[in-house]
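Below you'll find the structure, written out as structure tokens, and then a few comments.
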Amino acid sequence: MTAAVEIKSISYTYPATGLDSSSVNALDSVSLSIDHRTKLGILGPNGGGKSTLIKLILGILKPTSGSIQVLGHSPTKARQLGLVGYLPQRIEAQLDWPISVRQTVALGCTAHLKPWKKATAEDNAAIDRALELVELSDLADRPIGALSGGQLQRTMIARAIARSPKLLVLDEPTVGVDIAGQQRFGQLINTLHEELDLTLIVVSHDMRAVAAVADRVACLSRSLHFHDAPEGLTPAVLAQVFAHDVAGVFGDLHIDAHRADDCDDPTHSHASDSCCDHNSGGAS
């Protein structure tokens, strides 16, 4: 069986936007094969190419070089067929619009229809199912402007799954969410994964958000640094991936990352022993 997503040696360069600007290499020869039903977390720093990779998978951008297949189709075709659901990082909902939760979710089913076409009985059943899966059936008639942040997020997830996609892409879904909220989100995503037989891609710069839902992790900072199970991540890999963020604070420096309890260098300072017991790593 072919992979759900097959990415082969893609690179993407943003063109120069003015006389004083230069082109920006956002991704460099990235290859990634995502098996069906995988829950993949893509972890990386801001500016590391995560958003660019999402746009390529969704067909919003086309690679400068290399190729992408999504569920056996081009990314654009896969979205047109309703095979891909997407939750953007910024929910562009007009919260003062007189639109209900159900009407918002219905847009996931009907946005592709001609203006004169109405939702079918099958569409309505899919909307009901999506609301049920995110536990919002009892709020179906509530205006979206009256929702809490968590309820609004679940509404948008329901909209993303309303056409029963086979791939669901979530961009920074837990920004501003506390640890308890991340755990609830992880439980919801696991339920959707099982009920809808989904392949999941969760993109974040937050390791906790990725660990809450992912069974595989890809670390991305313009190129791919790691692709394995979350428990296989080491402090050295994370230091390599996030070196750009660290350099932005401390300037250009060499990062030697390791677990504190593996270090025999007396010149290094580390977190307390209680932190080490929780597998925290020190970087110096």
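The values are calculated or read from the model by the stated rules, or taken from the named source; none is laboratory data. All values reported here derive from a predicted model rather than from experimental measurement. Here the Cβ positions follow ideal geometry from the backbone for every residue, glycine too, while neighbour counts run over all protein chains shown. Calculation scope for accessible area: heavy atoms of the full protein, side chains included, ligands and nucleic acids excluded. Shrake-Rupley method; radii C 1.70, N 1.55, O 1.52, S 1.80 Å.
Points to keep in mind about this one:
- Lone unmet requirement of (1) more than 16 Å from the chain's Cα centre (by Cα); (2) under 24 Å from Leu71 (Cα atoms) for Tyr14: (2)
- Summed over the stretch 1-52, residues that are over 21 Å from Pro230 (Cα atoms), open to solvent by 50 Å² or more (accessible area, probe 1.4 Å) and assigned to a loop (DSSP other than H, G, I, E, B) total 10.
- Boolean, Glu195 is more than 23 Å from Leu43 (Cβ to Cβ), open to solvent by 10 Å² or more (accessible area, probe 1.4 Å) and not in a helix (DSSP H, G or I): no
- When the stretch 65-76 is filtered for residues that are surrounded by fewer than 16 Cβ atoms within 10 Å (Cβ to Cβ) and in contact with a Gly (Cβ under 8 Å, 6 or more places away or on another chain), the ones remaining, listed by number, are Ser74, Thr76.
- Val217 meets all of the listed conditions (1) under 16 Å from Ile42 (Cβ atoms); (2) open to solvent by 10 Å² or more (accessible area, probe 1.4 Å); (3) not in a helix (DSSP H, G or I) but one, namely (2).
- Of residues in the stretch 55-64 being open to solvent by less than 50 Å² (accessible area, probe 1.4 Å) and in contact (Cβ under 8 Å) with a residue 24 or more places away in the chain, the one nearest to Glu6 (Cα to Cα): Ile57
- Residues satisfying the stated conditions in the stretch 53-63, i.e. assigned to a loop (DSSP other than H, G, I, E, B) and either in contact with a Cys (Cβ under 7 Å, 6 or more places away or on another chain) or closer than 15 Å to Ser11 by Cβ (or both): Leu61, Lys62, Pro63
- Leading residue by the ranking (modelled with the highest pLDDT) among those in the stretch 136-145 that are in a helix (DSSP H, G or I) and open to solvent by less than 60 Å² (accessible area, probe 1.4 Å): Leu139
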